[in-house]
C-alpha cells in the first residue's frame, strides 16, 4: 500500500507509524514498543535478580486475588519485607510475600 499524507492512521502498521513519528520528530526520538525494550530486570534491585517479582499494587492484587485497597494494606503491613519501593515504583518478591503471608496466617490461628 502506498502511504500519502491522506492515509488514515488506522491503515498504517506499527512500523509505518514509528517511521512517520521518526520523520516528523527527527532522528533523535527513539520510538520503541514494550516488547522491544530491555528486560524489566534492569530496573529490579540486585537482591531480587532472578526471583519472581510483580510490579505495583496491581501485581499484589493478582498474586493475592484481592482489591486495590486490600493490596495497599498488605503492602504496608503483612508483606512489608517483601516489598521494595522507590518513589512510585513498587516491586514485590512473590515467594517472600507468600512466606510472610503464610507466617502471618499461622500466627493468627
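The values are calculated or read from the model by the stated rules, or taken from the named source; none is laboratory data. Every value quoted in this text rests on a predicted model; they were computed, and no experiment measured them. A quick note on method: Cβ atoms are made from the backbone with ideal geometry, for glycine too, and the neighbour counts reach across all protein chains shown.
Condition check ((1) touching a strand residue (DSSP E or B) at 6+ places or on another chain (Cβ under 9 Å); (2) assigned by TED's automatic domain parsing to the domain that holds residue 13; (3) at pLDDT 95 or above) across all residues:
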residue	(1), (2), (3)
27	no, yes, no
30	no, yes, no
47	yes, no, no
52	yes, no, no
56	yes, no, no
70	no, no, yes
73	no, no, yes
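Counting only residues that are in contact with a strand residue (DSSP E or B) (Cβ under 7 Å, 6 or more places away or on another chain) and free of Cβ contacts under 8 Å to residues at least 40 places away in the same chain, how many does the stretch 80-92 have? Lay out the reasoning, then the answer.
To start, the set of residues in the stretch 80-92 that are in contact with a strand residue (DSSP E or B) (Cβ under 7 Å, 6 or more places away or on another chain) comprises 82-84, 90-92.
Adding the requirement that they be free of Cβ contacts under 8 Å to residues at least 40 places away in the same chain leaves 82-84, 90, 92.
The number of residues fulfilling the criteria is 5.
Could you go through the stretch 83-91 and let me know if any residue there is in contact with a helix residue (DSSP H, G or I) (Cβ under 6 Å, 6 or more places away or on another chain), not in a strand (DSSP E or B) and not assigned by TED's automatic domain parsing to the domain that holds residue 15. Break it down stepwise before answering.
To start, the set of residues in the stretch 83-91 that are in contact with a helix residue (DSSP H, G or I) (Cβ under 6 Å, 6 or more places away or on another chain) comprises 83, 90.
Those left that are additionally not in a strand (DSSP E or B): none.
The answer is no; no qualifying residue exists.
Output the residues belonging to the stretch 61-72 that are in a helix (DSSP H, G or I) and surrounded by 13 or more Cβ atoms within 10 Å (Cβ to Cβ).
61, 62, 63, 64, 70, 71, 72
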